[in-house]
Structures are given as C-alpha cells and as structure tokens.
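Heads up: the structure comes next, in structure tokens.
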Amino acid sequence: MRQKLIPFLTGLIWSLVIGTILGAFSGWMLARLLHIPKLDELPSYRPAAASAIFDSSGAKVADFATESRVELPPEDMPNSLKLAIVAAEDAKFYEHGGVDPKAIFRAVIGSIRTGRFGGAGGGSTLTQQLALALFLKREHKLTRKIKEAFIAMDMEKRLSKDQILTLYANQIFLGHGAYGVEAASRLYFEKSAKDLDLAQSALLAGMIPSANNKFDPIRNPEGALKRRNYVLDRMARLGFVPPDAAEEAKREPLGAELHREKLESGSYFLEHVRRQIEENYGTQALYTGGLQVDITMRDDLQRAAEKAVREGLVRLEMTRLGYRRPLNLIESGTVEDPSDYQDPSWAQLQLRGGAMLRAVVDEVSRSRARLHIADHPASLKLKDASWTHSSSLKRILKKGDLVLVRLPEEIPESEEAVLEVKLLQEPDIQGALLAMDNRTGAVLAMVGGFDFAQSKFNRAIQSKLQCGSAFKPFVYLTAFEQGFTPSDTLFDAPFLLPDGSGELTYCPKNYYGKYYGVTTLRRALELSFNAAAVKLQNMVGGENVVRTARELGISTELHPYPSLALGTLGVRLIDLVRAYSGFANLGEVAEPYFISEVRDRDGHSLEHAYPHLERKAPQAATYLLLHVLEGVVQRGTGQKARSLEAHLAGKTGTTDEYSDAWFMGFSPRITVGVWVGRDHKAPIGKHMTGAEAALPIWVDFMKSYLDGLDEDSRSEKFSVPAGVVFSAVDWYSGHLVVPACAKDSRVILEAFLDGTEPTITCEDDDPTLRELPWPFQQAYYTPRPNEPMPTPEAVACVDQRFADEKLEALAKN
C-alpha cells in the first residue's frame with residue numbers, strides 16, 4: 001500500500017508544481033495584458049519615509065513617521081549586507097527569474113505534511129516576499145501564492161536585481177519599530193547601514209524571518225547570536241565570503257543595543273511645526289513622504305528657554321508660594337503598589353547632572369526618604385528639603401508620593417548606586433516664552449508650558465490672555481503719533497468714565513491704591529500708572545489705540561473700552577512679541593515664522609520662507625516709545641533687567657488679582673515675551689506682579705542669549721532715526737534742565753521729535769510740590785484739553801476709606 005502511495009503523492013506534487021507554474025505564467029501573461037498600474041509604478045516606487053526636521057544649524061532634531069524608516073539608496077548598501085540577505089533568504093536570488101521551482105516543490109511537500117497550503121514556509125523567493133509586502137495580503141491560500149509568483153516574475157522583468165534587493169532591504173521589518181536596514185542599523189548600532197561590518201550585516205539579515213522576535217538581539221541575544229553565526233556559515237558555504245573572514249566575524253560580540261533618538265528639547269516648537277506641515281501638505285506627506293523641513297529653532301536658545309521657564313516656575317513655587325502636598329499615587333488610585341508606577345518622563349531616561357526628574361517615594365523616616373526614579377534608587381535627606389521649613393520628612397512626604405527632585409551634579413557610574421537628590425516642588429502654575437529675531441521674524445525659541453508630557457496645550461500660541469500693563473505701549477505710541485511728547489504731563493488721580501450704559505461708573509485704579517498727581521508720560525509708563533494710561537487713551541481715542549494695536553500685529557478681538565488700556569482683553573503671546581519686535585524695529589513689523597524651508601525627499605524645494613517686514617508706524621514716533629521703554633528697565637518696573645548690562649527695553653504686565661504676570665522685552669536684535677499664570681484664571685499668589693513672576697525668567701533667558709554674543713554685538717545700541725533730538729530734562733516735571741536748577745533735578749536725556757523740545761525750564765519747578773498728596777497738587781496743575789479730572793464721586797469710587805480726607809483737600813482747591 002505504501003509503495004503505491006508514494007508514486008501517487010509524487011505525481012500529485014508534480015501536478016501541483018506544474019499547475020502553480022502554469023498558473024503563475026498565465027497570471028503573468030494576464031498581468032501583462034491588463035497592464036497592472038501598480039507594477040508600472042515599480043521602477044519609481046519609493047517606500048514610506050519619515051519626514052526629518054532640522055534646526056537652524058542643520059542638525060536633525062526630530063522625525064515624524066508612523067514607522068521608523070529611513071530610505072537607503074542602492075549605492076549606499078554595502079556588499080556584505082546584500083550577500084548576507086541573499087544567503088539568509090534566497091541563495092538562488094541572482095539565478096532565478098522571480099520564482100524558484102525547487103523551492104516551491106519543498107514548500108508544497110511541507111504544506112502537505114502540515115495540511116496548511118499557501119504558507120510562506122520556504123517556498124517564496126526574495127522577489128516573491130517583496131511582492132507580498134507591496135501588493136498582497138498575508139493569506140494562507142493557494143491563490144495568494146499564485147498571485148505572488150506572477151507578480152514576482154513581472155517584477156523581475158521590470159527591475160534589476162539590485163533594485164529589487166534595495167526595495168526589499170528598505171521594506172522589511174527588523175524589530176522595535178524599525179523598518180528597513182538603514183533604520184535598523186541606526187537603532188541597533190548607531191551607524192548608517194553603509195558602515196556596517198560583516199558581523200553586523202549578518203545579524204540584520206538573520207533577523208528578517210523573525211516575526212515572533214525569535215532572533216531579536218535585545219530580547220533574545222543568545223538566539224540572535226546563533227542565527228547570525230548561521231548566516232555567516234552559509235555565506236562561507238555559498239562562497240560569498242572567505243571561511244576565515246566568516247570565522248573572524250563569528251568571534252565578534254553581538255554589539256546590539258537600542259539607540260533611540262531622544263527628543264532633547266523643543267517639544268512645543270516641534271508640535272507647532274508638525275501641525276503646520278500637516279495642514280499645508282497633508283497627513284500622508286507628513287508621515288510617509290520623507291519631507292525635509294528646516295525650522296528656525298536655535299537649539300542653544302531653545303534649551304536656554306526651557307531651562308529658564310522650568311527653573312523659574314519651580315523657584316517661584318518654592319520661594320514665594322510655599323510647600324504644597326504632592327500627588328499620592330496610592331490615594332489617587334493610580335497604582336496600588338508605587339513600584340509599579342511608570343512615569344511618562346522616564347521613557348528613554350537619561351540621567352544628567354542637576355536635572356529635574358519625577359521620583360516616587362517608597363519609604364519615609366524623619367530624616368531620610370527612600371525613592372526610585374524608574375529603575376534607579378534614590379535617597380532624600382531632611383537637609384535637602386530645608387526650603388519646606390519642616391522638622392521631619394514624615395510631615396511632608398509619605399509612601400506613594402510623586403515628587404519632583406533634582407539629581408546630583410555628579411551622576412554615579414554604577415546603575416545600582418543610590419542617587420542623592422534634593423526635593424523640589426512641581427509647579428501648579430504655568431509659563432510660556434517666545435523669542436523672535438527682530439530682523440527676520442524667525443522664531444528662535446518657544447516654550448508653551450512647564451511640561452509637554454503633562455500638557456500639550458501651547459500657551460505661547462493657543463492661549464488668549466489678559467496682558468495687563470503690557471498693553472499700555474500701544475496707548476503711548478498712539479499719543480506720540482498724535483504729537484504728545486514723553487515730557488508732557490497728565491494728572492494721575494481718580495476720575496470717572498462712562499461704562500457701557502453711559503453711566504459714569506468706571507474708575508481706573510492704580511496698584512496699591514496710590515496716585516501721584518502731576519506726572520510726565522514717561523514717568524507714568526515707566527512706573528506703570530493705570531489711571532494715567534486710561535486717561536491718555538480717552539484723550540487720544542480708543543478706536544485709534546485699537547488701530548495701532550492691530551497694525552502692529554494683535555490679531556485677537558479688541559474693543560475701544562476704557563479698560564483696553566489696562567490689557568483686559570485677551571491677546572496671544574506670539575502677537576505681543578511680534579508687536580514689541582515692531583517697537584525694536586522702529587515701526588517695521590515682521591511676520592513670525594517657524595519653518596524656513598520644506599523640501600521633498602529628493603531635496604527639491606517645496607516652500608521657502610523669506611523675511612517679510614512692513615512699516616506700520618512712523619520711525620521717529622516709535623523711537624520715542626522705545627526710549628521710554630528703555631527707561632522701564634533703567635528706572636521703572638523692569639529694573640531687575642539692569643543687571644544684564646546691555647541696551648534693553650521692555651514692559652511689565654500684571655492683571656487683576658495677580659492672575660497673569662508678563663514681561664515683554666527686547667534688545668536691538670531679538671524680542672522675548674514671558675507669561676506666567678494659571679490655566680484657569682486664578683491668582684498666582686500675593687503680589688505676583690510681572691516684575692516678580694515673569695521678569696526673572698526673562699532675565700535668565702536673556703543672560704544665556706547675551707553671553708553667547710561677542711562684545712560688539714552685546715553692546716549694540718538701538719538706532720536713532722532722523723527727526724529725533726535729545727534734551728536734558730527733569731524726570732519728574734519734564735522741564736528743560738539748565739545749570740541754575742540742575743542740582744535739584746533728576747536729570748535724564750529725553751528724546752523729542754525735532755521742534756517739540758520743552759521751553760519751560762526747571763527753574764519754574766517747585767520740588768516740594770511732587771511730595772504733596774495728589775489732592776494738594778491739583779491747584780497747581782492746568783488740565784490739558786479733554787483731560788478728565790478728579791471728582792468727589794471718583795474719589796469715593798476708588799477708595800472710600802480715605803474719601804473724606806481727599807474730598808476735603810479737593811474742596812480747599
């Protein structure tokens with residue numbers, strides 16, 4: 001019976017083989033007749049490739065892709081890798097025409113034995129595997145094998161062997177998200193595939209059939225080593241390499257590790273770029289089109305920006321806002337056992353000296369706590385939490401707390417070594433920073449929050465926030481355009497303006513409820529007097545102020561309400577940076593941009609950004625404002641920036657209840673804006689003004705920027721346009737200083753439009769007048785046309801406690 005069965009099975013097998021070949025041939029003929037479009041496109045086929053992002057220096061900073069794939073051109077594939085793939089997958093690759101009848105015969109025998117027809121088991125040539133990967137579904141059906149065969153034969157007619165091998169090498173999956181030999185080479189060996197040696201080539205080739213990770217060098221190094229050595233032996237047997245070379249390669253260690261590219265900085269910046277590319281070119285082009293994108297981000301400034309914001313917010317929390325109990329992972333239901341917790345920030349963790357990282361508390365005693373950061377043990381001493389003013393760690397920490405800590409400056413080499421950390425406080429407040437090149441509009445750095453992993457909401461671009469006094473420069477620029485000078489005076493005192501219904505109910509209040517009486521426009525802006533700003537807007541026209549803000553780049557909704565002067569309407573940080581950059585440029589406003597060029601995968605330019613600046617305000621009038629804003633840094637609310645010893649200008653901003661803190665500042669070359677606050681409008685903390693909360697972050701960033709400049713660039717001054725002259729005046733009165741009264745004056749060099757210099761001298765000043773409370777100064781002040789003045793109702797509106805006293809003074813006047 002058995003003797004009769006063997007010839008029968010043999011005949012059946014040959015029938016199947018012949019039938020398959022005939023089916024493949026007829027299928028190939030059918031494909032030729034039907035002229036399948038996909039096959040027509042094969043010579044120009046390009047595998048999906050990641051879009052690469054390059055910073056302003058040309059360094060690659062990120063990839064956007066659904067698969068980790070980097071296309072390797074045929075000329076860069078080393079011979080050792082080609083031969084290793086052929087030896088591992090298809091020894092007759094250079095001999096057959098797409099289908100190997102003997103291999104099919106072996107596959108059919110295997111299929112009969114297993115009862116599974118159409119599997120991949122050994123019958124598919126390398127070309128067939130490529131046909132399957134590109135055009136077919138992985139189905140265990142005989143019809144799929146027939147289609148695979150005729151497509152492979154057709155591919156062999158259309159493509160050279162090297163083209164097929166390159167397509168195959170760029171298509172295969174090689175574990176851990178790597179598609180193609182180039183991505184795998186970078187992942188496992190941190191080098192390009194063109195630089196692979198023989199042993200490394202054999203390792204990658206040996207991984208190809210490892211759909212179940214059987215030969216994964218990370219998860220199964222022993223299996224991967226055996227497979228690599230098998231490939232090397234096979235290469236030697238086939239005559240691809242000399243036996244002694246194969247033996248030498250077998251003595252090499254495996255040498256494979258995961259070398260993933262970790263995003264070091266720029267998360268908010270890159271996410272904004274990603275959205276722009278996707279909007280302009282589509283999702284498919286972004287993730288599979290291999291675009292090359294040059295962005296304006298300067299890596300050094302981006303790192304400085306992130307450090308300034310993170311350190312500044314943590315410092316603010318610890319020194320000004322006080323200790324706050326951290327999140328407890330057990331009580332919150334996040335985990336039952338703290339050792340099971342994996343923080344998102346620990347992915348691809350790299351320990352750097354002095355870095356801030358999250359840690360989980362495992363055990364606490366009075367003087368010491370035991371923690372862990374991913375797999376690294378850490379220890380916290382009581383003295384390293386001294387800022388909490390607690391006498392015991394047990395009072396402030398417990399098992400399961402998720403805390404922010406600072407690593408030691410020197411990281412121990414041993415992974416088992418215990419890290420001695422310091423306790424920090426993870427901020428409950430947020431911050432944002434944006435830096436822009438005045439000359440071009442290129443955005444150099446952007447931070448949209450404390451931690452991108454926790455919140456991807458970009459407060460530098462997406463938030464519409466009240467900017468407080470940072471809006472006042474638009475009022476003053478409007479005034480200077482209408483002929484006011486920085487030495488002109490207003491009366492800083494309570495007054496009433498109509499509300500929306502026409503009732504006289506709106507009374508602007510200065511911070512701390514103090515008013516100063518007669519004041520120059522310069523002094524009012526440098527010290528940020530609210531009443532004077534609202535009064536000035538009323539005099540120059542709210543509609544004109546809105547127009548000025550619009551011209552300089554404010555894109556959000558604005559209305560000419562009296563409170564507009566105090567920044568009560570929402571604006572975007574990027575818009576304010578653009579506008580202040582216009583102040584630095586003497587009225588020329590630059591269009592901000594993040595992407596300088598987009599190229600296709602072959603390097604052809606698809607988009608190129610060029611600086612676009614437009615004049616929006618007169619040079620001379622804008623310089624008057626710029627000169628006053630320099631005074632904000634020299635004498636006013638921005639004095640903390642004086643320590644930088646450079647030519648700088650800017651303005652603080654603080655909103656009601658201290659809920660938003662700003663500093664907008666610039667040098668001749670760059671403009672930088674900083675915001676600090678809470679996502680849900682609530683007070684930051686007591687007396688958290690722009691000078692206290694935002695300005696220190698701005699100073700830290702600008703110090704990093706200025707330290708990178710040469711001496712000439714650091715000392716660069718703002719240019720003075722034609723039509724501007726300077727006169728020595730008294731800072732208090734704005735009157736011209738002459739020798740007779742110079743010793744009793746606070747002398748500054750003031751800027752004026754030519755012909756508008758003051759004629760009244762300081763000889764007419766009474767220094768004692770400015771020391772009087774504002775109600776007693778009114779008798780000596782002549783109001784300007786249309787200037788609102790104090791009334792008893794205004795005084796009562798502002799401060800009822802002192803109303804009687806001030807009303808009495810008003811009555812005497």
### Query
Residues in the stretch 661-668: is at least one open to solvent by 20 Å² or more (accessible area, probe 1.4 Å) and within 27 Å of the chain's Cα centre (by Cα)?
yes
### Message
So, in the stretch 504-525, how many residues would count as being polar (S, T, N, Q) and part of a loop (DSSP other than H, G, I, E, B)?
### Response
1
### Query
Considering only the stretch 218-266, how many residues are assigned to a loop (DSSP other than H, G, I, E, B) and either touching a strand residue (DSSP E or B) at 6+ places or on another chain (Cβ under 6 Å) or open to solvent by less than 80 Å² (accessible area, probe 1.4 Å) (or both)?
17
### Task
Pull up the stretch 663-696, narrow it to residues that are of a type in the set (Val, Ile, Thr) and part of a loop (DSSP other than H, G, I, E, B), then point me to the one that is nearest to LEU709 (Cα to Cα).
THR689
### Task
Return yes or no: is HIS176 surrounded by fewer than 20 Cβ atoms within 10 Å (Cβ to Cβ), modelled with pLDDT of 70 or more and not in a helix (DSSP H, G or I)?
yes
### Task
For PHE474, work out the one condition from (1) part of a loop (DSSP other than H, G, I, E, B); (2) surrounded by 20 or more Cβ atoms within 10 Å (Cβ to Cβ); (3) of a type outside the set (Gly, Ala, Ser) it doesn't fulfil.
(1)
### Query
Within the group ALA609, ALA584, which residue is within 28 Å of the chain's Cα centre (by Cα), within 30 Å of LYS60 (Cα to Cα), among the small types (Gly, Ala, Ser) and open to solvent by less than 30 Å² (accessible area, probe 1.4 Å)?
ALA609
### Options SER386, SER367: the member that is more than 28 Å from HIS259 (Cβ to Cβ), free of Cβ contacts under 8 Å to residues at least 40 places away in the same chain, hydroxyl-bearing (Ser, Thr, Tyr) and open to solvent by 70 Å² or more (accessible area, probe 1.4 Å)
SER386
### Query
Which residues, counting only those in the stretch 699-717, are touching a residue at least 40 places away in the same chain (Cβ under 8 Å) and out of contact with any helix residue (DSSP H, G or I) (no Cβ under 7 Å at 6 or more places or on another chain)?
SER713, SER715, GLU716, LYS717
### Query
From the residues in the stretch 179-217 that are on the phi > 0 side of the Ramachandran plot and out of contact with any Pro (no Cβ under 9 Å at 6 or more places or on another chain), which one is least open to solvent (accessible area, probe 1.4 Å)?
ASN213
### Task
Out of THR319, THR283, report the one residue that is among the β-branched types (Val, Ile, Thr), in contact (Cβ under 8 Å) with a residue 24 or more places away in the chain and open to solvent by 30 Å² or more (accessible area, probe 1.4 Å).
THR319
### Task
Just give me the residues in the stretch 707-718 being open to solvent by 40 Å² or more (accessible area, probe 1.4 Å) and within 30 Å of ILE760 (Cβ to Cβ), in sequence order.
LYS717
### Summary
If we keep only residues of the stretch 756-769 that are without any contact (Cβ under 8 Å) to a residue 60 or more places away in the chain and outside any loop (DSSP other than H, G, I, E, B), then the residue least open to solvent (accessible area, probe 1.4 Å) is CYS762
### Query
Does the stretch 295-306 contain at least one residue that is open to solvent by less than 40 Å² (accessible area, probe 1.4 Å), closer than 28 Å to GLN171 by Cβ and in a helix (DSSP H, G or I)?
no
### Message
Where the second residue is part of a helix (DSSP H, G or I) and of a type in the set (Phe, Trp, Tyr) and the first is free of Cβ contacts under 8 Å to residues at least 60 places away in the same chain and lies in the stretch 499-526, which pairs have Cβ atoms under 9 Å and are six or more apart or on separate chains?
### Response
LYS514/TRP774; ALA524/TYR476
### Summary
When every residue in the stretch 317-366 that is among the acidic types (Asp, Glu) and in a loop (DSSP other than H, G, I, E, B) is compared, the one nearest to the chain's Cα centre (by Cα) is ASP343
### Query
If you check LEU749, LEU772, LEU753, which single one turns out to be within 47 Å of the chain's Cα centre (by Cα), open to solvent by 60 Å² or more (accessible area, probe 1.4 Å) and at pLDDT 85 or above?
LEU749
### Task
Output the number of the condition that VAL699 fails; it satisfies all remaining conditions of (1) in contact with a strand residue (DSSP E or B) (Cβ under 8 Å, 6 or more places away or on another chain); (2) in a helix (DSSP H, G or I).
(1)
### Query
Which one of PHE491, PHE480, PHE484 is more than 32 Å from the chain's Cα centre (by Cα) and part of a loop (DSSP other than H, G, I, E, B)?
PHE484
### Residue among GLY502, GLY513, GLY483, GLY468 that is surrounded by fewer than 22 Cβ atoms within 10 Å (Cβ to Cβ) and closer than 21 Å to VAL628 by Cβ
GLY483
### Query
If LEU380 passes every condition in (1) outside any helix (DSSP H, G or I); (2) open to solvent by 30 Å² or more (accessible area, probe 1.4 Å) but one, which one does it miss?
(2)
## Note on the structure
Selection from the stretch 51-73 of residues at pLDDT below 85 and not charged (D, E, K, R) yields ALA65, THR66, SER68, VAL70
### Message
Just to be sure I understand, how many residues within the stretch 407-424 are assigned to a strand (DSSP E or B) and crowded, with 19+ Cβ neighbours inside 10 Å?
### Response
3
### Task
Within the stretch 550-569, count every residue that is closer than 22 Å to THR637 by Cα and either among the small types (Gly, Ala, Ser) or in contact with a Pro (Cβ under 6 Å, 6 or more places away or on another chain) (or both).
3
### Summary
Only unsatisfied item for SER528, checking (1) part of a loop (DSSP other than H, G, I, E, B); (2) out of contact with any strand residue (DSSP E or B) (no Cβ under 8 Å at 6 or more places or on another chain); (3) under 24 Å from GLU771 (Cα atoms), is (2)
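The values are calculated or read from the model by the stated rules, or taken from the named source; none is laboratory data. Values in this document were obtained by computation on a predicted structure and should not be read as measured data. In this analysis, Cβ positions are derived from the backbone assuming ideal geometry, glycine residues included, and neighbour counts consider all displayed protein chains. Accessible surface areas use protein heavy atoms only, side chains included; no ligands, DNA or RNA. Shrake-Rupley method; radii C 1.70, N 1.55, O 1.52, S 1.80 Å.
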